[in-house]
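Engineer: Questions regarding the structure given below will be posed in turn.
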Amino acid sequence: RSAAVPGVVGADLRVPLVTGGTAAYANLDHAASAPCSSAVRDAVDELLPHYASVHRGAGFASQVCTRVYEGARQVLSDFTGARQGDQVVFTRNTTDALNLLASAAPRGTSVVAFDTAHHAALLPWRHVRRIPAPQSPTEAVQALDEALAECPEGPRLAVLTGACNVTGELWRVAELARAARRRGARTVLDAAQLAPHRPIRLAELDVDYAALSGHKLYAPFGSGALVGRADWLNAADPHLAGGGASRAVTERAVSWTTGPERHEAGSPNTVGVHALATACRTLTTRWGDVVAHESALLSRLRAGLVEVPGLRELSLFGSEHDRVGVVSFTLDGQDPGLIAAALSAEHAIGVRDGLFCAHLGTRHLLTKAGADSGRALRASIGLGTTTEHVDRLVAALKSLVADGPAAAYEQVDGHWAP
Ligand code: PMP
């Protein structure tokens, strides 16, 4: 049996039930946002007395914050296995990081991305050639190669996903990056779902950029990073124009700094960046625990879901393909939104339903699974998940399928509520 890995804030949360009383909350929505870790909370507490603006102040607190902020770049560089000379630009999240790269890529860059990509990775590009969802990892490499072969001369960029946010399936990033390189393309890895579950080694993978979010790594919201090659970033217009990004301003002209500050104008999120760096450092010391804990719970979850009548699991590469702790599914004849509402209100279980900000990919997966619904349910596990949470979900689904919800629900603004 697996207990929660120690050090997850809110692991003892109790929530009200529509049927009366309260119950311990089972957060099975780690893929959306992971709970904060106590290491991160302690680090933030420690920094708060020194709260001051970075870079510009001469005072002690400002010096401490500047050191913390700049030190965090090295942590992120180590965490992503970046090359010497790669830049770490702090952003709000993965979406912000990928939008930054989209505006920094030279004009006319041909971008290719799989239809299965998260909207954050699919939508920021001015023009993107979309590659239909592949049936197998080998087909993915071939399809990427063919799409890049058809691109005009000039800079090329292939958008890769580390782990799918719908199925948890791991993509063969090294092989895809090799294929891209053979066609003269750079690659960017959407590491939002991979980073909490597996180490990332940019240099070894020969991937040019990675984007990630702190709130999926057991840090609070508001911090993320783009890590990768400096040349495009230094040549691009600043992501935000303002103080910190400008080197000199006269009546006639502005000159911009080079380096990460070029894209970080304004007072930065020092506390958030410290939280992000602490989260990365903490994960680095416990990869063994992370993988063992999540693999055991994922196996148990999938073994349990197989027993739920009418359940169809979504999968791109087949149910045996390696994945992180994310499972999406439908239940024949059931409305996923209603099931999600009943899981929350009657069983204190938090899951997600819908198309998971990957509309093209999820619709493809639903069709492939022969689902009778246009939406799916997603359960995702992490360090706060226990055997009891997994067993409770499986039992609740069986009971909802057999007997329906205990309370009455109605749709309010498109959402089911008791
Ligand atoms: N990519 C993937 C694969 C994701 O799962 C997410 C978050 N759902 C994002 C990108 C976007 O992350 P954020 O909302 O933190 O910008």
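Read the figures in this text as sums done on the coordinates, not as results from a lab. Note that the structure is predicted; figures quoted are calculated from it, not measured. Using ideal geometry, Cβ is built from the backbone for each residue, glycine included, and neighbour counts are taken over all protein chains shown.
Engineer: With +1 on the Cβ of every Lys and Arg and -1 on the Cβ of every Asp and Glu, and nothing else charged, how large is the dipole of segment 127-186 about its Cα centre, in debye rounded to the nearest 20? If you can, show how the numbers build up before the last one.
Structural biologist: Working: 9 positive and 7 negative charges, 51 e Å.
Charge dipole of segment 127-186: 240 debye, to the nearest 20.
Engineer: Spin-label point model (7 Å from Cα, Cβ direction): what's the Q63 to D322 distance in nm?
Structural biologist: 4.7
Engineer: Starting from the Cα of T387, move 7 Å in the Cα-to-Cβ direction to define the label point; list residues of segment 1-15 whose amide nitrogen is under 13 Å from there.
Structural biologist: 1-4
Engineer: Kindly work out what percent of the DSSP beta bridges joining two residues of segment 40-284 are antiparallel, to the nearest 5.
Structural biologist: Antiparallel: roughly 45 percent of the beta bridges in segment 40-284.
Engineer: Sticking with this structure for a sec: Residue farthest toward the positive end of the dipole of segment 306-418, with Cβ of Lys/Arg at +1 and Asp/Glu at -1: which of T385, I339, S319?
Structural biologist: S319
Engineer: For segment 152-189 and segment 278-340, what is the separation of their C-alpha centers, rounded to whole Å?
Structural biologist: 24
Engineer: Right, another one. For segment 40-284, build the charge dipole from Cβ charges (+1 Lys, Arg; -1 Asp, Glu) around the Cα centre, then report which of L194, L47, C65 sits farthest towards its positive end.
Structural biologist: C65
Engineer: Using the crude model of +1 on Lys and Arg Cβ and -1 on Asp and Glu Cβ, and no other charge, please compute the dipole size for segment 40-284 relative to its Cα centre, in debye to 20.
Structural biologist: Numbers: 25 positive and 24 negative charges, 55 e Å.
Using Cβ point charges on Lys, Arg, Asp and Glu, segment 40-284 gives about 260 debye.
Engineer: Eigenvalues of the Cα gyration tensor times 5, then square-rooted: what semi-axes does that give for segment 40-284, in whole angstrom, largest first?
Structural biologist: 32, 22, 13
Engineer: Here is a further query. Taking the Cα centre of each part, how many Å lie between segment 1-53 and segment 371-398?
Structural biologist: 19
Engineer: How high is the FRET efficiency from S295 to Q135, r the C-beta distance, R0 22 Å, rounded to 0.05? Kindly include the intermediate steps, with their values, before the conclusion.
Structural biologist: Details: r = 25 Å, r/R0 = 1.14.
Efficiency, from the Cβ-Cβ distance: 0.30.
Engineer: Let me have the 222 nm mean residue ellipticity of the chain computed from DSSP H runs of 4+ only, each contributing -39500 (n - 2.57), with the sum over all residues rounded to the nearest 500.
Structural biologist: -11500 deg cm²/dmol
Engineer: Can I ask one more? Nearest 20 debye, what's the magnitude of the dipole of the chain about its Cα centre given +1 on Lys and Arg Cβ and -1 on Asp and Glu Cβ? Write out the running numbers ahead of the final one.
Structural biologist: Working: 39 positive and 42 negative charges, 186 e Å.
For the chain, the charge dipole is close to 900 debye.
Engineer: Over the chain, what is the relative contact order in whole percent, taking alpha-carbon pairs under 8 Å and six or more residues apart? Mind dumping the intermediate values first?
Structural biologist: On the way: 869 pairs, mean separation 95.8, N = 418.
Once divided by the residue count of the chain, the mean separation gives 23 percent.
Engineer: Starting from segment 123-180, pick out the trypsin sites (Lys or Arg not before Pro) whose DSSP state is loop and whose Cβ has at most 11 other Cβ atoms within 10 Å.
Structural biologist: Numbers: sites: R126, R129, R130, R156, R172, R178; in loops: R126, R172.
Passing sites in segment 123-180 are R126.
Engineer: For the pair D78/A230, report the inter-label distance in nm, with labels modelled 7 Å from Cα in the Cβ direction.
Structural biologist: For the pair D78/A230, the computed spacing is 2.0 nm.
Engineer: Rounded if a/c is under 1.5, else prolate if a/b is larger than b/c, else oblate: which is segment 169-279, with a ≥ b ≥ c the root eigenvalues of its Cα gyration tensor?
Structural biologist: Working: a/c = 3.58, a/b = 1.39, b/c = 2.56.
Verdict is oblate for segment 169-279.
Engineer: Please compute the contact order of segment 40-284 in relative form: average sequence separation of alpha-carbon pairs under 8 Å and at least six residues apart, divided by the residue count, as a percent.
Structural biologist: Values: 489 pairs, mean separation 64.3, N = 245.
For segment 40-284, the relative contact order is 26 percent.
Engineer: Let me ask something else about it. What is the gain in length, in nm to one decimal, between T285 and D42 on full extension, counting 0.36 nm per residue of separation less the C-alpha to C-alpha distance? Kindly include the intermediate steps, with their values, before the conclusion.
Structural biologist: On the way: separation 243, 0.36 × 243 = 87.48 nm, distance 1.66 nm.
Going from the current span to full extension adds 85.8 nm.
Engineer: Here's something else I'd like to know. Along the charge dipole of the chain, Cβ charges K/R +1 and D/E -1, which of G214, H119, A235 sits furthest on the positive end?
Structural biologist: Checked the options; the winner is A235.
Engineer: Return the loop-located trypsin sites (Lys or Arg not before Pro) in segment 190-254 (DSSP other than H, G, I, E, B) with at most 11 other Cβ atoms within 10 Å of their own Cβ; answer none if there are none.
Structural biologist: On the way: sites: R201, K216, R229, R247, R252; in loops: R201, R229, R252.
Filter output for segment 190-254: R252.
Engineer: Output the antiparallel fraction of DSSP beta bridges having both residues in the chain, as a percent to the nearest 5.
Structural biologist: On the way: 32 of 51 bridges.
Antiparallel bridges make up about 65 percent of those DSSP assigns within the chain.
Engineer: Same structure again: Tabulate in residue order the Karplus-calculated ³J(HN,Hα) for segment 114-121, using 6.51 cos²θ - 1.76 cosθ + 1.60 with θ = phi - 60°, rounded to whole Hz; enter x for Gly and Pro.
Structural biologist: Coupling constants for segment 114-121: 6, 4, 7, 4, 4, 4, 4, 9 Hz.
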